[in-house]
Amino acid sequence: MPTNANPAEVIADAANILKVWSANPDFKLKDVTLDQFQTDRASLATVLAELKEKDDEMAPLRNRRDDLTAKLNNECTRARAGIKGYFG
């Protein structure tokens, strides 16, 4: 389910809520416990860390893709200009 919420902001917001909730254990939500909230925050933090790791792994491929795209785009531009000059 896509969301417009920024994960980093949600993690920070959850950390602030955890401080208040932990200091006031009498606070209740209808369908969420403090333990469940902590687990969900930890799970999101884990997923974000995994995504960062994968992003770091993919950075060299993205750089290579970008370099090859620029090179081929330049060659296409030159080829079109050459074809136009050759064929009129």
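The values are calculated or read from the model by the stated rules, or taken from the named source; none is laboratory data. These numbers were taken from a predicted model, which means no experiment stands behind them. Neighbour counts are summed over all protein chains in view; Cβ atoms, including those assigned to glycine, are modelled from backbone coordinates with ideal geometry. SASA here: full protein model, heavy atoms, side chains in, ligands and nucleic acids out. Shrake-Rupley method; radii C 1.70, N 1.55, O 1.52, S 1.80 Å.
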For this session: Of the conditions (1) assigned to a helix (DSSP H, G or I); (2) without any contact (Cβ under 8 Å) to a residue 40 or more places away in the chain, LEU48 clears all except one; give me its number.
Result: (2)
Problem set entry | Selection count where residues are within 23 Å of LEU51 (Cα to Cα) and either among the hydroxyl-bearing types (Ser, Thr, Tyr) or exposed (fewer than 11 other Cβ atoms within 10 Å of the Cβ) (or both), scope segment 17-40 | 1
Exercise. Any idea which of (1) open to solvent by 90 Å² or more (accessible area, probe 1.4 Å); (2) not in a helix (DSSP H, G or I); (3) not small (Gly, Ala, Ser) is the one LYS84 doesn't satisfy?
Worked result: (2)
